[in-house]
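**Q** First the structure, then my questions, so here it is.
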Amino acid sequence: MMMINTPTIQELLNPIDQFLGCTTPEAWIEEAKKPENLPIILRDHLLCELKAAQSAIFLLKRYAVTEEAGQLLSRLVEPYEQFAYKCLGNLNTLKGKSQLSKSIQAKPNCSYGQEMIDKMVLLIKEELHHFYQVLELIEAKGLEYHPINASRYAKGMIKHVKTYEPDALVDKLIIGAFIEARSCERFAKLAPYLETSIGKFYLSLLRSEARHYQDYLALAEQIAEKEIHQRIDYFRLVEAKLISSPDHDFKFHSGSPIDTTHN
């Protein structure tokens, strides 16, 4: 078993563990570490990386960037969407596609626009690079990729978002923080039980995932211009329930497994 409790990693994980409302259930870890479940873990992980990039692009297009910049971001993610949903393309066609050819411009008079651009564009590039790395693993292991349905996790939080601004944006940013923090926690929990190459890859993702959750929280605090601890506490309970409650669907962000039969 790979040991991960080095001081640097544990220092990185401590604030994550304090931020989250619960730890990953042992039942999920037991299911996730089964060799026969590696294909679904990797396929869902690949899609999670894409969804993370898509979510950041949606926020930028909806709130912070010009129409031209939004179109540039849409074109950036399109090759990854084509592969993920239609199985069009491959490692060669995706290589180097996570780079932007032009700078992203903020909407006029958007006070937080440049700050959001700086944080979210870096996140998008990193998530798309991680997508590529997961695909490399899938192919290296001789596994077949095909799309799978999303778990209940993100939708289970999004339905609690307020309907008026800027509170809706703040809620979406808080949700983004929880998704990134949970991903970081699960990578660390699962890494010791995976074969060395995958375990090391998961540990290599911890630092960027931890920074992503901090960036989301920083943006939420900046945009709210008021105390947001109550909303953080609220979504902490929502997220913890989704993670700890029984779940028939086994995925990377699913709850406690109660049925090991899945597609």
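The values are calculated or read from the model by the stated rules, or taken from the named source; none is laboratory data. Quantities reported herein were computed from a predicted structural model and do not represent experimental measurements. Heads up, the Cβs are rebuilt from the backbone with ideal geometry, glycines too, and the neighbour counts pull from every protein chain shown. Side chains are part of the model used for accessible areas, which takes the heavy atoms of the whole protein and leaves out ligands, DNA and RNA. Shrake-Rupley method; radii C 1.70, N 1.55, O 1.52, S 1.80 Å.
**Q** Subtract the Cα-Cα distance of Leu122 and Asn37 from 0.36 nm times their separation in residues, and report this length gain in nm to one decimal.
**A** So the extension gain works out to 27.5 nm.
**Q** Follow-up question, since we're still on this one. Taking amide H positions as placed in the peptide plane 1.01 Å from N, state which residues far from Val65 in sequence (5 or more) or on other chains have amide H under 5 Å from it.
**A** Lys107
**Q** Whenever you get a sec, compute what percent of the accessible area on segment 51-111 sits on carbon and sulfur atoms (1.4 Å probe).
**A** 49
**Q** In this model, which of Lys51/Lys251; Lys102/Lys155; Lys172/Lys241; Lys61/Lys102; Lys119/Lys162; Lys51/Lys86 are farther than 21 Å apart at the alpha-carbon?
**A** Lys102/Lys155; Lys119/Lys162
**Q** What is segment 110-263 by shape, rounded, prolate or oblate, if you read a ≥ b ≥ c off the alpha carbon gyration tensor as root eigenvalues and call it rounded for a/c under 1.5, prolate for a/b larger than b/c, and oblate otherwise?
**A** Oblate, since a/c reaches 1.5 and b/c is not below a/b.
**Q** Once the whole set of protein chains is in place, how much accessible area is left on Leu100, using a 1.4 Å probe, in Å² to the nearest 10?
**A** Its accessible surface works out to 40 Å², give or take rounding.
**Q** Taking only protein heavy atoms into account and a 1.4 Å probe, give the accessible area per residue of segment 160-263 in Å².
**A** Averaged over the residues of segment 160-263, the accessible area is 42 Å².
**Q** Taking the Cα centre of segment 1-138 as origin, sum charge times position over the Cβ atoms of Lys and Arg (+1) and Asp and Glu (-1), and report the length of that vector in debye to the nearest 20.
**A** 580
**Q** How much accessible surface area, in Å² rounded to 10, belongs to the heavy atoms of Glu139 with a 1.4 Å probe?
**A** 90
**Q** Continuing with the same structure: Is there a quick way to get the dipole size of the chain? I mean about its Cα centre, with the Cβ of Lys and Arg at +1 and of Asp and Glu at -1; what is the value in debye to the nearest 20?
**A** Roughly 420 debye for the chain.
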